[in-house]
1. Looking at Val196, Val170, Val218, which is the one that is out of contact with any Ser or Thr (no Cβ under 8 Å at 6 or more places or on another chain), at pLDDT 95 or above and of a type in the set (Val, Ile, Thr)?
2. Given (1) out of contact with any strand residue (DSSP E or B) (no Cβ under 9 Å at 6 or more places or on another chain); (2) of a type outside the set (D, E, K, R); (3) touching a residue at least 24 places away in the same chain (Cβ under 8 Å), where does Gly18 come up short, assuming only one miss?
3. Just checking, which of Val64, Val98 is of a type in the set (Val, Ile, Thr), open to solvent by less than 90 Å² (accessible area, probe 1.4 Å) and over 18 Å from the mean Cα position of the chain (by Cα)?
4. Residues in the stretch 67-86 that are open to solvent by less than 60 Å² (accessible area, probe 1.4 Å), within 30 Å of Gly18 (Cβ to Cβ) and among the hydrophobic types (A, V, I, L, M, F, W, C): how many?
5. Filter the stretch 10-33 down to the residues that are within 24 Å of Ile185 (Cβ to Cβ) and crowded, with 19+ Cβ neighbours inside 10 Å and list them by number.
6. Residues in the stretch 67-85 that are under 20 Å from Ala157 (Cβ atoms), of a type outside the set (Gly, Ala, Ser) and assigned to a strand (DSSP E or B): how many?
7. Need pairs with beta-carbon distance below 9 Å; first residue farther than 16 Å from Leu28 by Cβ and within the stretch 51-75, second part of a strand (DSSP E or B) and aromatic (Phe, Trp, Tyr); sequence gap 6+ or separate chains.
8. Which helices (runs of 4 or more DSSP H) sit wholly inside the stretch 87-187 and have at least 1 residues that are touching a residue at least 12 places away in the same chain (Cβ under 8 Å) and acidic (Asp, Glu)?
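The values are calculated or read from the model by the stated rules, or taken from the named source; none is laboratory data. Being a predicted model, the structure only gives us computed values, none of them experimental. Neighbour counts are summed over all protein chains in view; Cβ atoms, including those assigned to glycine, are modelled from backbone coordinates with ideal geometry. Side chains are part of the model used for accessible areas, which takes the heavy atoms of the whole protein and leaves out ligands, DNA and RNA. Shrake-Rupley method; radii C 1.70, N 1.55, O 1.52, S 1.80 Å.
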Amino acid sequence: MNIVQPIIEFQGVSKKYGENQILHNVNLAISKGEFVTLIGRSGCGKTTLLKMINALTQPDQGKVLVDGRDISQTDQIALRRNIGYVIQNVGLFPHMTVRRNIRYVPSLLKRSSKSYTPPEKLMDMVSLERELLERYPCELSGGQKQRVGIARALAAAPPILLMDEPFGAVDEITRKQLQASIQKIHRQLGITIIFVTHAIDEALLLGTKTAILGGQSVLQYDTPEGILTAPADPFVKELTSSVSLEMIQEAKSGEKS
């Protein structure tokens with residue numbers, strides 16, 4: 001029997017900020033190719049957990065493994081350059097064109113250019129006109145900047161993409177368009193995506209699996225269907241009360257058609 005090694009694994013992870021215990025003895029294994037959404041109340045540790053994957057935050061106890069390796073024992077700069085990272089405020093370099101922004105991470109990596117995705121193809125992937133490659137961030141709308149941020153994160157063909165509430169600062173129409181884009185990218189590339197959100201409908205719509213955090217740990221980690229049909233405790237049931245299984249199934253079937 002073949003045992004599949006998780007691409008990301010948290011083993012007994014705990015984290016405090018001062019006297020405030022954020023996470024305690026968290027164990028979570030994420031398989032390659034999953035789209036995992038993280039959700040819970042503010043301050044429950046969603047972003048902390050996400051940032052541990054690329055070593056921007058260190059656990060006080062426990063280990064974080066990526067591809068079976070304890071990341072505290074690896075070159076963490078190289079680790080970050082090989083993991084895509086998208087944040088809510090995008091963080092594009094204002095003095096660089098869109099093309100140069102997208103090429104930034106590949107320019108830091110010493111690998112054959114054949115392993116990088118051309119900016120033109122990335123623009124197609126995030127549904128942006130190629131002519132925007134020669135513009136500067138100040139000439140783009142909020143939704144366009146967010147798409148460029150996704151394109152930049154994908155430029156070096158990373159196996160893992162981290163997304164920290166990336167669609168929280170855009171309007172509802174743009175948010176739905178971005179959701180459809182990231183679902184399409186996940187299907188096309190098959191990369192592992194970890195996505196922090198504060199919206200339960202977004203978490204259950206996008207995720208192949210959803211981790212619900214609360215009480216310093218992961219309360220439930222399951223498919224959206226599993227969570228909706230068998231919530232693990234009263235908090236999970238309350239959190240998901242505004243979303244029905246039929247609603248999620250209908251939205252997902254509409255996205256694939």
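1. Numbers: Val196 fails: out of contact with any Ser or Thr (no Cβ under 8 Å at 6 or more places or on another chain); Val170 fails: at pLDDT 95 or above.
Residue meeting the stated conditions: Val218.
2. (3)
3. Working: Val64 fails: over 18 Å from the mean Cα position of the chain (by Cα).
Of the residues listed, the single one that is of a type in the set (Val, Ile, Thr), open to solvent by less than 90 Å² (accessible area, probe 1.4 Å) and over 18 Å from the mean Cα position of the chain (by Cα) is Val98.
4. Qualifying residue count, the stretch 67-86: 4.
5. The initial filter retains those residues of the stretch 10-33 that are within 24 Å of Ile185 (Cβ to Cβ), namely 28-33.
Answer for the stretch 10-33, where residues must be within 24 Å of Ile185 (Cβ to Cβ) and crowded, with 19+ Cβ neighbours inside 10 Å: Leu28, Ile30.
6. The number of residues fulfilling the criteria is 3.
7. Here the result reads Leu56/Tyr85, each pair linking the stretch 51-75 to a residue that is part of a strand (DSSP E or B) and aromatic (Phe, Trp, Tyr).
8. Because the criterion is at least 1 residues that are touching a residue at least 12 places away in the same chain (Cβ under 8 Å) and acidic (Asp, Glu), the helices (runs of 4 or more DSSP H) in the stretch 87-187 that meet it are 119-125.
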